[in-house]
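What follows is a short report on a single structure.
The values are calculated or read from the model by the stated rules, or taken from the named source; none is laboratory data. Keep in mind that this is a model prediction, so the values were computed, not measured. Reconstructed Cβ throughout: ideal geometry from the backbone, glycine too, with neighbour counts over all protein chains shown. These accessible areas exclude ligands, DNA and RNA; they are computed on the full protein's heavy atoms, side chains included. Shrake-Rupley method; radii C 1.70, N 1.55, O 1.52, S 1.80 Å.
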Amino acid sequence: MLKIENLRAGYGAINVLWDVSLNIEKGKLTTIIGPNGAGKTTLLRAIMGLLPASAGQIILDNKILNGTPTWKMGDTGVTMIPEGRMVFRDMSVEENLIMGVFGLAHRAHCKARLEQAWAMFPRLHERRRQLAGSLSGGEAQMLAMARGLMSDPSLLIIDEPSLGLAPLVVNELFTILERLKDGTRTIILVEQNTARAVGVADHVYLLQSGKVALSQPASEVNLEHLHALYFAR
Ligand SMILES: Nc1ncnc2c1ncn2[C@@H]1O[C@H](COP(=O)(O)OP(=O)(O)OP(=O)(O)O)[C@@H](O)[C@H]1O
Ligand SMILES: [Mg+2]
């Protein structure tokens, strides 16, 4: 579904990604793990058009994505849930969700998608009139996930959803990720919680200093070996 070939990207004169190649299979959950600063978020930004690629190709369903502006990405069926939740703090929970169907193509589905969101995240329904800025970290992450789902993306990209959350909330989050794996939706999950990420994934990539250090089906991953690579310098 999404193919990345020899991608290079970075910030001005500083290059971060060095010839990164990935193959993201349709209907599967692919996790990209790696230590702080490995370039995971940079990779996602390059996919979303927030950063230009200085070399290589990003191909979505056989079409070259390089150069597509971020505001057009919604039309391609790709949605990213960024690192750090980024909810609209001064808007209610419901208004935040409505922002998720801002694209013209999606507006007609607003009511039905809201119903789906309430069904999947009942606690958000209870708090639908509450300002998003007053939610707990876990609730804000659920809201960011629910907002991302409002456009019913065919490719959902999630950057470090479990960061800073209590263990019980992390459990809840991974239960939701399991439910999102319905065979039709393609998911890219960036995580630092390696054991949990490998547990939920179909395929695992380890990114190390801007390069792919490992690519393996999740069922074949040996966590000890993975951790040894992860902490190698
Ligand atoms: N806006 C920026 N300008 C310059 N350098 C940046 C910028 N954002 C990130 N970097 C650098 O790019 C490298 C990769 O950062 P990136 O955020 O992609 O890592 P990451 O794998 O997502 O890490 P983390 O797990 O901490 O989120 C780091 O060395 C970082 O300092
Ligand atoms: Mg990051």
> Looking at L207, L143, L189, L155, which one is buried (at least 19 other Cβ atoms within 10 Å of the Cβ), more than 19 Å from M48 (Cβ to Cβ) and in contact (Cβ under 8 Å) with a residue 40 or more places away in the chain?
Replying inline: L143
> Would segment 47-55 turn up any residue that is within 16 Å of ligand 2 (Cβ to nearest atom), farther than 22 Å from L177 by Cα and of a type outside the set (D, E, K, R)?
Replying inline: yes
>> Quick check on my filter: what residues within segment 1-23 are open to solvent by less than 70 Å² (accessible area, probe 1.4 Å) and under 26 Å from P153 (Cβ atoms)?
In response: M1, L2, I4, L7, A9, V16, L17, V20, S21, L22
> Which pairs do you get when a residue that is at pLDDT below 95 and more than 16 Å from ligand 1 (Cβ to nearest atom), found in segment 79-94, comes within reach of a residue that is open to solvent by less than 50 Å² (accessible area, probe 1.4 Å) and part of a strand (DSSP E or B), reach meaning Cβ atoms under 8 angstrom, with the pair 6+ apart or on two chains?
Replying inline: T79/L155; T79/L156; T79/I157
> Among the residues of segment 24-44, which ones are assigned to a loop (DSSP other than H, G, I, E, B), within 16 Å of ligand 2 (Cβ to nearest atom) and open to solvent by 20 Å² or more (accessible area, probe 1.4 Å)?
Replying inline: P35, N36, G37
> Consider W71 against the criteria (1) out of contact with any Gly (no Cβ under 6 Å at 6 or more places or on another chain); (2) of a type outside the set (D, E); (3) open to solvent by 40 Å² or more (accessible area, probe 1.4 Å); (4) more than 24 Å from G10 (Cα to Cα): it satisfies all of them except one. Which criterion is unmet?
Replying inline: (4)
> Can we say L17 is in contact (Cβ under 8 Å) with a residue 40 or more places away in the chain, within 14 Å of ligand 1 (Cβ to nearest atom), among the aliphatic types (A, V, I, L, M) and part of a strand (DSSP E or B)?
Replying inline: yes
> Just one of the numbered conditions (1) buried (at least 20 other Cβ atoms within 10 Å of the Cβ); (2) touching a Lys or Arg at 6+ places or on another chain (Cβ under 6 Å) is not true of A197; which one?
Replying inline: (2)
